[in-house]
1. Convert each backbone phi in the range 99-113 into a coupling constant with the Karplus relation 6.51 cos²θ - 1.76 cosθ + 1.60 (shift: θ = phi - 60°), then list the ³J(HN,Hα) values in order as whole Hz, x for Gly and Pro.
2. Of Arg111, Arg27, Arg12, which has the largest mean-square fluctuation in a 10 Å C-alpha GNM of the chain?
3. Report, by chain and number, residues whose modeled amide H sits under 5 Å from the one on Phe132, excluding near sequence neighbours (fewer than 5 apart, same chain).
4. Based only on other Cβ atoms within 10 Å, what is the fewest-to-most ordering of Glu32, Glu118?
5. In deg cm²/dmol and to the nearest 500, what is the mean residue ellipticity at 222 nm of the chain if only DSSP H runs of at least 4 residues count, each as -39500 (n - 2.57), divided by the residue total?
6. For a quick protection proxy, order the peptides 73-79, 139-145 by their average other-Cβ count within 10 Å, most packed first.
7. Determine the percent antiparallel among the DSSP beta bridges restricted to the range 3-186, to the nearest 5.
8. Just how many % of Cα pairs in the range 3-186 lie over 20 Å apart, if you round to the nearest whole percent?
Amino acid sequence: MSIDSSSEEKKRLRAWLRQHRLPSDRRNQESEKLCGILAASALWHDSASVAGYMPLTWETDVKSLLSLALNQGKHLTLPRIEGSEMRFHEVASLDDMVVSAWGIREPAPDRPQLTEPELMIVPLEAADRSGFRLGKGGGYYDRYLSAHPGIHTVAMPLTSQLLDDIPHDYWDVPIEWIVTPTGLIQADRL
């Protein structure tokens, strides 16, 4: 797959996904189910530190998991974009956030950094069962995960976001685990 064709294919797929987002009530129902599945897993219980994200209105709402992590005494980190870099800063409360230039809630820059959480919940536009994900196109997560290969990764796609095949390039870092409505599955690397 050439870089140009893959890039164009990803652009078309993002446009298609924008037109097929779930209504908020269904998104909330599916988010609750996916969060419950991950929270009941050994992957969650065995992780003392978790990196998450503050969801946008069309993404899986993981705020209940973030709150659970704090209530269970896990180290919770959330991403902060600084120039072309993404860094993960610890948070003590989901209320202790600032709004970025892109309108996304993120930790304040003075919060401590944690570079290698044990588990990272990765946001996405879409994913496939091979573990490839389509992000927003900035490459932040691929760069971060390439630099920190020991982090266990999990994706939580809504039903409209779990596709048969995601176009990918050599720099795309696949996700290790995928939460589906039927359970937690290990990505199938064919």
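1. 9, 6, 4, 8, x, 9, 6, 8, x, 5, x, 8, 6, x, 8
2. Maximum among the listed residues: Arg12.
3. Result for Phe132 returns Ile175.
4. Working: Glu32 13, Glu118 17.
Fewest to most other Cβ atoms nearby, the residues stand as Glu32, Glu118.
5. Working: 5 runs with 54 residues, N = 190.
Helix-only estimate at 222 nm: -8500 deg cm²/dmol.
6. Values: 73-79: 20.1, 139-145: 18.0.
Listed from highest to lowest mean packing, they are 73-79, 139-145.
7. Numbers: 17 of 30 bridges.
Of those bridges, close to 55 percent are antiparallel.
8. Values: 8784 of 16836 pairs.
Tail of the P(r) past 20 Å holds 52 percent of the pairs.
Every read-out reported here was derived from the displayed coordinates using simple, explicitly stated rules and does not represent laboratory data. This one's a predicted model, so the numbers in the text were calculated from it and none came from an experiment. When we count neighbours, we look across all protein chains shown, and the Cβ atoms used for this are built from the backbone with ideal geometry, even at glycine.
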